[in-house]
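The values are calculated or read from the model by the stated rules, or taken from the named source; none is laboratory data. As the structure is a prediction and not an experimental result, all values here were calculated from the model. Backbone-built Cβ (ideal geometry, glycine too); neighbour counts: all protein chains shown.
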Amino acid sequence: MDWENIRFFRALVETGSVAAAARDMGVERTTVTRRIQALERDTGLTLFDRRGRSLTLTAAGSDFADATRPMMEAAREAARCAAGMRPGMSGRVKISAPPALAKARLIAPILALGCKFPDLELQVTGEIGFVSLQRGEADIAVRLSRPEKGDLAISKLGSIAFRLYAHRDYLEKTSEQDRLYIGQGDVPDAMPQQVALNRIAGGRFACYTDDLDLQLTAALERGGIAALPDFLAADRDELMQVGSAEPLLVRDIWSVTHNSQRHQERIRRTIEVLRTAFT
């Protein structure tokens, strides 16, 4: 049985579509289809139900996916171990971080690190949700929530304060009882800053958006009061703090990497550089 065909099968299972699997593997969609067909011939199994527009695992396909999962995890673990055996500051480091945080605090020190070590290939992806370190989607994830499970090495990089901000024109022209808030999302698993806003806003929200840059834009457009991190709002003269100078809340920032990578020099030193962004 061709291991490459199994790799393409796992990519299709994990990404959910031929197009996504092709992007993940860096090939054309026809290559993914051809690999799956070859695997079905080798195994004598129909792995996918092709009725309709989407591919769905058959019962045999689901069983085969369960059987091949440990193989893929072992292959990824071997790749991580091999990478860890290469000394020095060279190779690729993939960093995932919230977009607004990456833009405001992380890009500058990351670029400086790349200039210092030209053989280091640094890739930054702006993402809010947790990526899969197990699947190699990132080497280092920077997050505002500490993960509770997984074979992970976690360290605190620093903390950021959130305060209430609004455009000075909005505050001057809108009476206190008529002021609205810019929310993050009216959902049960809301971000901590939304939970804090809910306690003071009384349901008076002009709009909701889960993107910090859009919240900033809404405040700058005189749309209401937003709970923004100081790094995003403190240097904007047109914005004023609302209420107490005390933070609405303070959130810790964490670096997360797979345990098997924590001793790699390029991972360790990249995390050290990220920590300097919050000191």
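For R105, indicate whether it is modelled with pLDDT under 90 and of a type outside the set (F, W, Y). The answer is no for R105.
In the range 219-232, is there at least one residue being acidic (D, E) and farther than 26 Å from F278 by Cα? Yes, the range 219-232 contains at least one residue that is acidic (D, E) and farther than 26 Å from F278 by Cα.
So that you can scan it fast, the table gives a plain yes or no per residue for (1) of a type in the set (D, E); (2) touching a helix residue (DSSP H, G or I) at 6+ places or on another chain (Cβ under 9 Å); (3) more than 30 Å from F117 (Cα to Cα); (4) free of Cβ contacts under 8 Å to residues at least 40 places away in the same chain:
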{"position": "A226", "(1), (2), (3), (4)": "no, yes, yes, no"}
{"position": "F231", "(1), (2), (3), (4)": "no, yes, no, no"}
{"position": "A234", "(1), (2), (3), (4)": "no, no, yes, yes"}
{"position": "G243", "(1), (2), (3), (4)": "no, yes, yes, no"}
{"position": "P247", "(1), (2), (3), (4)": "no, yes, yes, no"}
{"position": "D252", "(1), (2), (3), (4)": "yes, no, no, no"}
{"position": "V256", "(1), (2), (3), (4)": "no, no, no, no"}
{"position": "Q261", "(1), (2), (3), (4)": "no, yes, no, no"}
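Look at (1) at pLDDT 95 or above; (2) surrounded by 14 or more Cβ atoms within 10 Å (Cβ to Cβ) and you find that L214 fails only one, number (1). Checked against the criterion of being free of Cβ contacts under 8 Å to residues at least 60 places away in the same chain, touching a strand residue (DSSP E or B) at 6+ places or on another chain (Cβ under 7 Å) and charged (D, E, K, R), the candidates R204, R268 yield just one match: R204.
If you filter the range 155-180 down to residues that are over 26 Å from the mean Cα position of the chain (by Cα) and in a strand (DSSP E or B), you find that the one that is nearest to A206 (Cα to Cα) is A166. Please work out if R80 is within 24 Å of the chain's Cα centre (by Cα), at pLDDT below 80 and within 14 Å of R10 (Cα to Cα). Here the answer is no, as R80 does not meet what is asked.
Looking only at the range 188-211, residues that are more than 20 Å from Q177 (Cα to Cα), of a type outside the set (D, E) and surrounded by fewer than 17 Cβ atoms within 10 Å (Cβ to Cβ) come to 4 in all.
Give me the pairs, please: first residue somewhere in the range 157-179 and over 18 Å from V195 (Cα atoms) and crowded, with 21+ Cβ neighbours inside 10 Å, second residue anywhere and of a type in the set (K, R) and at pLDDT 95 or above, beta-carbon distance under 6 Å, and either six or more positions apart or on two chains. These pairs meet every condition: H167/R222; Y170/R222. Would you check if V256 is touching a Leu at 6+ places or on another chain (Cβ under 6 Å) and in the same structural domain as S96 (by TED's automatic domain parsing)? Criteria met by V256.
Here is a yes/no grid of residues against (1) closer than 19 Å to R251 by Cα; (2) more than 22 Å from the chain's Cα centre (by Cα):
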| position | (1), (2) |
| --- | --- |
| Q184 | yes, no |
| A196 | yes, yes |
| R199 | yes, yes |
| G202 | no, yes |
| T217 | no, no |
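When residues in the range 217-249 are screened for being exposed (fewer than 14 other Cβ atoms within 10 Å of the Cβ), aliphatic (A, V, I, L, M) and under 18 Å from R105 (Cα atoms), 1 of them pass. The set of residues in the range 141-152 that are farther than 22 Å from R105 by Cα and either touching a strand residue (DSSP E or B) at 6+ places or on another chain (Cβ under 6 Å) or not acidic (D, E) (or both) comprises K149, G150, L152. Applying a threshold of 6 Å to beta carbon distances and a minimum spacing of six or more residues, or different chains, the list of pairs starting in the range 45-64 at a residue that is assigned to a strand (DSSP E or B) and ending at one that is exposed (fewer than 15 other Cβ atoms within 10 Å of the Cβ) and of a type outside the set (V, I, T) reads T56/D49.
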